[in-house]
1. Looking at the stretch 94-125, which of its residues are farther than 18 Å from GLU162 by Cα and more than 18 Å from the chain's Cα centre (by Cα)?
2. Considering only the stretch 115-169, state which residues are of a type in the set (A, V, I, L, M) and farther than 26 Å from GLN184 by Cα.
3. Look at ARG164 and say whether it is more than 26 Å from VAL110 (Cα to Cα) and of a type in the set (Lys, Arg).
4. When the residues of the stretch 182-204 are narrowed to those that are outside any helix (DSSP H, G or I) and open to solvent by 90 Å² or more (accessible area, probe 1.4 Å), which ends up modelled with the highest pLDDT?
5. Tell me, which residue of the stretch 86-129 that is part of a loop (DSSP other than H, G, I, E, B) and among the hydrophobic types (A, V, I, L, M, F, W, C) is most open to solvent (accessible area, probe 1.4 Å)?
6. How many of the residues making up the stretch 133-143 are open to solvent by 50 Å² or more (accessible area, probe 1.4 Å) and under 18 Å from the mean Cα position of the chain (by Cα)?
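The values are calculated or read from the model by the stated rules, or taken from the named source; none is laboratory data. In this text the structure is predicted, and so the values were computed from the model without any measurement. Heads up, the Cβs are rebuilt from the backbone with ideal geometry, glycines too, and the neighbour counts pull from every protein chain shown. All accessible areas refer to the heavy atoms of the entire protein, side chains included, with ligands and DNA or RNA removed. Shrake-Rupley method; radii C 1.70, N 1.55, O 1.52, S 1.80 Å.
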Amino acid sequence: MNNIKAAEAFVELIMKDQRFLEAISKTPAKMKPISAAADDISRSAAKMGFQLAAISAAIMLPVRSSLNLFSELEYQMLTVQAVTRATSKEYADLTAEARRLGAETSFRSVEVASGQVSLGRMGFSVDEIKAATPAVMDLAIATGIDLATAADYAGNTLRQFEMRADKMRRVADILTVTANSSAQTINDLGEAMKMAAPSAHAAREELDDTAAAI
């Protein structure tokens with residue numbers, strides 16, 4: 001700390017007293033060593049200042065990353081609150097759930113929040129989102145898609161077949177098995193289900209039969 005303060009003092013002295021350095025540069029040859037010493041001090045102080053700046057940047061990098069992640073999560077959660085019309089307590093509960101799942105699973109909190117947004121936009125209540133999210137996460141992992149897309153496919157399918165949110169596990173399992181045991185990808189199946197599910201449900205077809213037919 002003392003070295004840092006000394007460096008700062010040197011820099012301040014040199015910046016404030018440029019006239020002194022100019023006078024030194026005009027002195028006779030016998031005074032040149034003094035001028036050279038002053039130049040050395042200036043260069044050393046500048047170098048130390050650069051090193052301090054580099055150290056500060058290195059220290060602040062993870063801090064900036066954390067702040068960016070916090071801002072992104074906060075933005076996603078505010079979107080969740082808007083689409084679900086969650087109360088302050090419900091907002092706090094969903095945020096805590098996103099943070100918990102982000103800490104305990106392979107997903108980041110921001111990704112969990114993006115899944116909550118997708119479910120919220122399909123009319124899922126706060127309690128339904130909390131009940132459905134674990135199954136949606138498993139679907140995303142098993143099929144290699146992002147959490148928001150998994151929530152979109154699973155949530156839409158569940159809604160089209162007029163199933164309760166606590167049946168999301170069954171929906172996720174059917175979509176996973178069907179996609180992974182056929183030539184289709186989950187994206188093919190999910191998009192096709194959006195078009196086929198309303199007619200299939202109207203004809204009283206079951207979800208697993210509809211998935212197999214697709």
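1. The answer is none; no residue qualifies.
2. If the condition is that a residue be of a type in the set (A, V, I, L, M) and farther than 26 Å from GLN184 by Cα, then VAL117, VAL126, ILE129, ALA131 are the ones that fit.
3. Criteria not met by ARG164.
4. By that ranking, first place goes to ARG204.
5. Going through the stretch 86-129, the residues part of a loop (DSSP other than H, G, I, E, B) turn out to be 86-87, 105-108, 122-125.
Now drop any that are not among the hydrophobic types (A, V, I, L, M, F, W, C), which leaves 86, 107, 122, 124.
On the way: ALA86: 13, PHE107: 23, MET122: 51, PHE124: 4 Å².
Among residues in the stretch 86-129 that are part of a loop (DSSP other than H, G, I, E, B) and among the hydrophobic types (A, V, I, L, M, F, W, C), the one most open to solvent (accessible area, probe 1.4 Å) is MET122.
6. The number of residues fulfilling the criteria is 1.
For (1) at pLDDT below 95; (2) open to solvent by 30 Å² or more (accessible area, probe 1.4 Å); (3) closer than 22 Å to TYR91 by Cβ, each residue gets a yes or a no:
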site: ALA131; (1), (2), (3): yes, yes, yes
site: ALA150; (1), (2), (3): no, no, no
site: LEU158; (1), (2), (3): no, no, no
site: GLU162; (1), (2), (3): yes, yes, no
site: ALA165; (1), (2), (3): yes, no, yes
site: ALA172; (1), (2), (3): no, no, no
site: THR176; (1), (2), (3): no, no, no
